[in-house]
Each structure stands twice: as structure tokens, then as C-alpha cells.
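Here the structure comes first, spelled out in C-alpha cells, and everything after it is commentary.
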Amino acid sequence: TMQTLGAFTDVTRNLLIQSSLDVENLIRDDLTQAMALAIDAAGLEGSGSSGNPTGIRNTSGINGKSFAGTNPTFAEVVDMETLVAADNALIGTSLAYILNPAQYGALKTTEKASNTAQFVVEQPGNTVNGYPIFVSNQATAGKVYFGNFSDLLIEFL
């Protein structure tokens, strides 16, 4: 269903009079970024209630993977890919992982297997299991998203 999103800020007339056009562009950029973050949060974890859109996390029928701990092991990451493949969704050019900054840091030091010096976050390339990573504060700690994000549709009216 259709949802709306807006942002506003107060700006004094003196600021606009005493400054160049750059201040107006700065304000527009800040508002745009605030709206983009809200759209990201709704797309990932929107509750689907009280006027909020339903995000990936709360959409029924999407395979989910529970982790033994806060951060996934490499085997659990591979299981996520397997679940996406089971849904015939392991296609496209936008396959990627989205995770919280704390998890990103932890997975950079989590070995794939003991004493291998190979970590879940692969360097160089900044990938997990061969797929790019996007780090977002919009993802709750303990939640990792993997999929073809070009299939995530957000309609603006």
C-alpha cells in the first residue's frame, strides 16, 4: 500500500540572506540523505504496521537463517546463499550482503575455519563468499541480509 515520507528543517531567513547558494544545496542534501536513510530502514526492517511499509525482515515467505551467535559463521553465510538459491533468486547482478557495522568489524576477524588466516570478510575486494558487502546502520545487529537487491521495489508516487 502507498506510504508517504517527508522531511523538514527550520532555516532562518538571515542564514539564507547572508550565504551563497551553497547553503541551500547543503540543506537539500541533508534532507535527501535523511529521507534515503528512512527508505533504507523501511526497505530492510519496516514493520508493516502503523503506517510503516513492510520491509524484507518482516515479509512472509522469505527464507530466513538463524545464527548460533550474534555474528554468522562462514558455514551459516553459505547456508544463506543456499536458501536464496532454493527460492530461485540467486540471479542478477545485484547479489550482495547488507550487515551492521559491528558485524562487519567482527567478521573481518572471524576465521572461516580455525588456523587458516582466511576471514569471513575477504580482502582484497571486501566481499563475503564472493559477493559484495554493504555496511548499513539501518540493519539491526545480529541481522544479515543477502539477496538480489534489484528485486527490492520501492515505489514513489
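Per-residue ellipticity at 222 nm, computed for the chain from helices alone with -39500 (n - 2.57) per DSSP H run of at least four residues, works out to -10000 deg cm²/dmol. Between Asp10 and Asn137, the modelled label-to-label distance comes to 2.3 nm, taking each label 7 Å out from Cα in the direction of the beta carbon. Take Leu37: with every protein chain present and a 1.4 Å probe, its accessible area is about 80 Å². Of the residues Met80, Met2, Met35, ranked by 1.4 Å probe accessible area with the largest first, the sequence reads Met2, Met35, Met80. Of the chymotrypsin sites (Phe, Trp or Tyr not before Pro) found in region 111-157, the ones in coil according to DSSP and having at most 10 other Cβ atoms within 10 Å of their Cβ are Phe156.
Computed over the chain, the alpha-carbon pair-distance distribution with 5 angstrom bins reads 2, 8, 15, 18, 16, 13, 9, 8, 6, 4, 2, 1, 0, each value a whole percent. By accessible area, using a 1.4 Å probe on protein heavy atoms only, the chain has 53% of its surface on carbon and sulfur. Comparing Ser114, Ser66, Ser50 in a Gaussian network model of the chain (Cα springs below 10 Å), the most mobile by mean-square fluctuation is Ser50. Accessible area per residue for the chain is 65 Å², calculated with a 1.4 Å probe on protein heavy atoms, without ligands, DNA or RNA. Taking amide hydrogens as placed 1.01 Å from N in the peptide plane, the amide H of Ser47 sits under 5 Å from those of Gly55, each at least 5 positions away in sequence or on another chain. Where is the GNM fluctuation largest for the chain (alpha-carbon springs, 10 angstrom cutoff): Gln123, Gln103, Gln138? Sorting by GNM fluctuation, first place goes to Gln123.
For Thr110, the solvent-accessible surface with a 1.4 Å probe is about 40 Å², rounded to the nearest 10.
The values are calculated or read from the model by the stated rules, or taken from the named source; none is laboratory data. Keep in mind it's a predicted model, so treat the numbers as computed, not measured. Note: ideal-geometry Cβ built from the backbone for every residue, glycine included; neighbour counts use all protein chains shown. Surface accessibility is based on the protein's heavy atoms, side chains included, excluding ligands, DNA and RNA. Shrake-Rupley method; radii C 1.70, N 1.55, O 1.52, S 1.80 Å.
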